[in-house]
Structure formats: C-alpha cells, structure tokens
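Down below is the structure, laid out as structure tokens.
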Amino acid sequence: MTRKLEELFELPPSAPVEDEATPPPAEDLRSQLQTLDDTIDKIDAALPGVRGLEANDEEMDSLAESAKSSYNDLMDLGMQVDSRFASEIFSVASNMLGHAITAKTAKMDKKLKMIDLQLKKMRLDQQQAVIDAKTADGSGEAMQTAQGMVLSRNDLLQRLLASKDQKDKKE
C-alpha cells in the first residue's frame, strides 16, 4: 500500500513488505532436508519394530468371511420365511454384506498407506542421493567454489578507493 493511500484513508503506516520471491539460503534447505531425512529414518527404523500388522490383516479377513457367511445364512432364511418378515431379515443381511465390504476396504486402505509412505521415503532418499552426488566427497557438504567475506558498505568503499589509489600510483 502506498503512503498516499494510507494518508487518504487515515490508516496506520504499514510494515515494509519483504521480498517473498527470495529463496531461503542453501544451508537452511540442507539443514531442513537433513532434519527431515533423520525423522524419516527414525520412522523407518520404527516401522519394522511394529508387530501385529499381519494379525490385523488376518482379523479383517476373518471378519469379512464371518460377515459373508452370516449374509448367506440370512439370505437363505429370508427366502424360507413369510414375506412380511423377510424384509427385516434381508435388511440385516445387507448390513452384514456392508460390514464385509468395510473390513476389506480397511485392509486395502492400510496397505495403500504403507505403499504411499514407502514411495515418499524412496523419493526423499533419491533427493538426498542427488544432493550427495553434487558434493565433492559425498559427505553432504557443498564443494567450495569461491571465497567470500561479509563487509559493511564503508569497508567496501575503503577497499575500492584503496585499489583505485594503487592503480593511479602504478600509472
């Protein structure tokens, strides 16, 4: 917002807007990636320690089979009773079939989530491998290509004037 608009609408002065297009420094990105990679390694180390994942699959399968057999029994019973009582039996049978479908769906969702987590970890491992390939010795530190110094404006001006004076003396 401009100062004139602020004055026109009698608004308090706004804070200076920082440039959001400036990417974060490479060191920050590396530290964030390293932290993320460490976290994923911890999760990966914890996943094999989790017991009973197969037991849950077996329980879901047994629940689905039980619901299917109950559905079949109720359908047979509904066909043999009087028509005025059959509708409630068929309703319960359809609920049993719904439970069987829910059990199978929950099992598949769990497997898909595990696959998704594995794919995300593989993607992060590949990104880390690319970063390591760009480094000189694979240690995770970038190869130094230039030297730099942090100078204030006044120090920089003094150095420029000194180099100009040396050129003038040589000529």
Label-to-label distance, nm, for residues given as residue 134 and residue 83 (7 Å Cα→Cβ offset): 7.6 nm
Alpha-carbon Rg with Dmax, taken over the range 52-140, Å: 24.1, 83
Listed pairs 68/113; 113/134; 42/121 exceeding 20 Å between Cα atoms: 68/113; 113/134
Calculated FRET efficiency for the pair residue 147/residue 32, C-beta based, R₀ 22 Å, to 0.05: 0.30
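Take every Cα pair under 8 Å in the range 52-140 that's 6+ residues apart, average their separations, divide by the length, and report that relative contact order as a whole percent.
Values: 48 pairs, mean separation 25.8, N = 89.
The value is 29 percent.
Taken together, the values in this text are just the output of simple stated rules run on the coordinates, not laboratory data. Being a predicted model, the structure only gives us computed values, none of them experimental. Methodologically, a virtual Cβ is constructed for each residue, glycine included, from the backbone with ideal geometry; neighbour enumeration extends over all protein chains shown.
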